[in-house]
1. Taking Rh as the Kirkwood radius computed over C-alpha pairs, what is the Stokes-Einstein D of the range A:245-297 at 10 °C in a medium of viscosity 1.306 mPa s, expressed in µm² per second?
2. Would you mind checking which residues have amide H under 5 Å from A:PHE266's amide H? H placed 1.01 Å from N; only 5 or more apart, or other chain.
3. Please compute the length gained on full extension between A:GLN60 and A:LYS126, using 0.36 nm multiplied by the number of residues separating them and subtracting their Cα-Cα distance.
4. Apply the Karplus parameterisation 6.51 cos²θ - 1.76 cosθ + 1.60, with θ equal to phi minus 60°, to every residue of the range A:341-355 and state each ³J(HN,Hα) to the nearest whole Hz, in sequence, with x for glycine and proline.
5. Would you please give the residues with an amide H less than 5 Å from that of A:LYS134, counting only those at least 5 places away or on a separate chain, with H modeled from the backbone geometry?
6. Report, in whole Å, the centroid distance computed from the Cα atoms of the range A:108-154 and the range A:188-238.
7. Counting other beta carbons within 10 Å of each Cβ, put A:THR419, A:THR148 in order, fewest first.
8. Need one value for A:73-83: mean number of C-beta atoms belonging to other chains within 10 Å of its residues' C-beta atoms.
Amino acid sequence: MAGNGEIQWCFSQVKGTSDDDVTEADIISCVEFNHSGELLATGDKGGRVVIFQRDPESKQASPRRGEYNVYSTFQSHEAEFDYLKSLEIEEKINKIRWLKRKNPAHFLLSTNDKTIKLWKVSERDKMIDGYNLKDENGRMKDPTSITTLQVPVLKPMELMVEASPRRIFANAHSYHINSISVNSDQETYLSADDLRINLWHLEITDQSFNIVDIKPTNMEELTEVITAAEFHPSQCNMFVYSSSKGTIRLCDMRSSALCDHHSKLFEEPEDPTSRSFFSEIISSISDVKFSNNGRYMISRDYLSVKVWDLNMDSKPVECYHVHEYLRSKLCSLYENDCIFDKFECCWNGTDSCVITGSYNNFFRVFDRNTKRDVTLEASREIAKARTVLRPRKVGTGGKRKRDEIGVDCLDFSRKILHTAWHPQENIIAVAATNNLYIFQEKL
Amino acid sequence: MKKNCRRMDVDPPSTSVGITSNLKRSNSAPMINILDNNTSFRDAISPSHLVLGISRNRRFSASFSPGQYSPSLHSSSSLMPSFVPSRVIQLKHEEGMNVMYREASHEKEVQSKLQISQSWEDLTLDRTTHINNTPSEPAKRHSLTDPLHIFTPPLGLCSSPSPTRAGKQWFSPSTSLLRTSSFFVSPSPSPTRRSFATRRSQSPVALRPSQFSVKRKYDIEMEQDSIGNSAKRMNMGTGTPERVVITHPMAHSLSSSSMDPVNSPDQTVPQDIADSMSGSSGSPCSGFKSVEDGVSTGCGMDESAV
């Protein structure tokens, strides 16, 4: 896998229909590779989870291709109604997190605003044939008609992938769940809503520990909400949570049962000269992710991705601008609500690159080593055989070069909020509204 | 950007005489007249956002002109909500629902105060109390056409959400102080001033088409569609495991390796497993209908969000 040198990305696959009229239920709301990269799960606004599996042929082929086929589809969550508060509970899947593999089955956690479910996805390719008491259709045989005994045998059958809900963790959150994160101990996980973070055990569904509570006694004093939370990838006692005010708090569960007091507070001091009316809104962190090695973390605010060293909380070690040309357009973005979009960000397997999305179906890949970045577009036009993606550029000056697109020509309804990077290879999955694009490194 | 400005003509609170841009307030009455110039009060419900179910509901965020306010504004009063991301405001409003009982009892209290203030016996039109010069002057008789100034106690908390309202609550007494002046009821409607009826009786239900109901319609349509096909059979208990074909839009795939559009092999789910799947009713099957939302999802730069 290439770590140095620039990666050239080319189109591999696109999933979903190409209709211009998008059913809202088909809009993808989360994308997640599992730990081996063999499976890719997507959740949509209709509460469904679709799992793709790496095509084994494409893996063996030379050059290696990154192709995925549908493996399983199931309805994870349904819309509900909270009668007490007269509020609808959307079935939109907010997050999917995979558990590490312990047996032939796959386990994943999926959550909507209120309920988390543990799903078991397993294969069945054998069936039992030759029961003594039951006939082929499953009906009980008349005992008097049985004259001989036979030993049931396993017969191969067509591969079937079954998804069954194993645990349902409900009624623990008053506010909307925005994150879930599985602990490195693979036994517990956290779920975070706007004001609280709960710690669960995967086996226990009727109780959870509240470990963070930032709800003030007087709601009038509420100034910030929790926007994302994640467990450390190797230290089972540490987790971080980010806020709408642009702060990230690292907490250690060993220090106290209630982790309201952070161990470290990561906040970049605001530049007083650049303070504007929108400063606080654009500083709101929409996603935070630990690096695979556990030494760094990235935070995504509206205009940039920042890399933080866990040992240094005074300022980020790196800052990458995603779409700085939008800084002068914040007023309009506030008017059309785009300023509140929650973009996610993602590391690659070796922590050398970071990917995040933008508008106009653009996404950005930053190489931390070479300090180079590229803007690419996920569009149907490039959905041709192994097209190498051409870097896109947004023109800001008066004179626009030939290939550039002007800021005012950007389509703000086509945005890429969710991206995922294969943990071991250079394959990326990019969710563009209702389509899932899979790009791979040109080999 | 300022397309949605709605000017609200409101009386300035009594203490605001002479105040220009200094927004330090000594009482809890809001400075609507000053905010008026540059605020755009959106509709309480932004239909597109609610129907789309976008959690970042900006029901109450008033837009402030950046140049007008200095940071000192935010620190001067704890009552005025300093500008915070929409989710915070949303939570504050939703919290109001939890204290319905408290508000109901408070409302009763305020209602009784209203009634008292409306009864004429309590009115004193003694001008000598208002004029501190020439106390010897006999009280001038007010002409009948003079507007009456009647000062009721601050009606900041006189509303309580109707429990019968479905859907998201769109005003809460504890937070939307900017709206309290709309409850400043003038008992004798003045010809020179607009009177503001309380908006409590308006039910916002009609304003907002519920996405939930839209979705339900979709589900019902799906069920009706599938009567003839195997999806319906899926729910009937028979011994034979029926194979159900589930197609999902994501099954449509365009791969670069094979340039023909590839449909992944249809997912088959045996009937007994399908029963164990949660929410097996209405699960995706046999193609999709586009749901008529009637909602515009575009948010180009030139479009107004409201």
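Values in this text are rule-based calculations from the coordinates and carry no lab data. Since the model is a prediction, treat every value here as computed from it, not as a measurement. Note that we place each Cβ from the backbone using ideal geometry, even for glycine, and neighbour counts take in every protein chain shown.
1. 120
2. When sequence neighbours closer than 5 places are left aside, the close amide H contacts are A:ILE248, A:ARG249, A:LEU250.
3. Details: separation 66, 0.36 × 66 = 23.76 nm, distance 2.57 nm.
Between A:GLN60 and A:LYS126, full extension yields 21.2 nm more.
4. 5, 9, 7, 9, 9, 8, 8, 8, x, 9, 6, 9, 10, 10, 10
5. Amide H to amide H, under 5 Å and 5 or more residues apart or across chains, A:LYS134 pairs with A:LYS141.
6. Computed from Cα coordinates, the inter-centre distance equals 39 Å.
7. On the way: A:THR419 25, A:THR148 5.
Going from least to most buried by this count: A:THR148, A:THR419.
8. On the way: counts 12, 12, 9, 3, 2, 7, 8, 1, 4, 0, 1.
The per-residue average across the peptide is 5.
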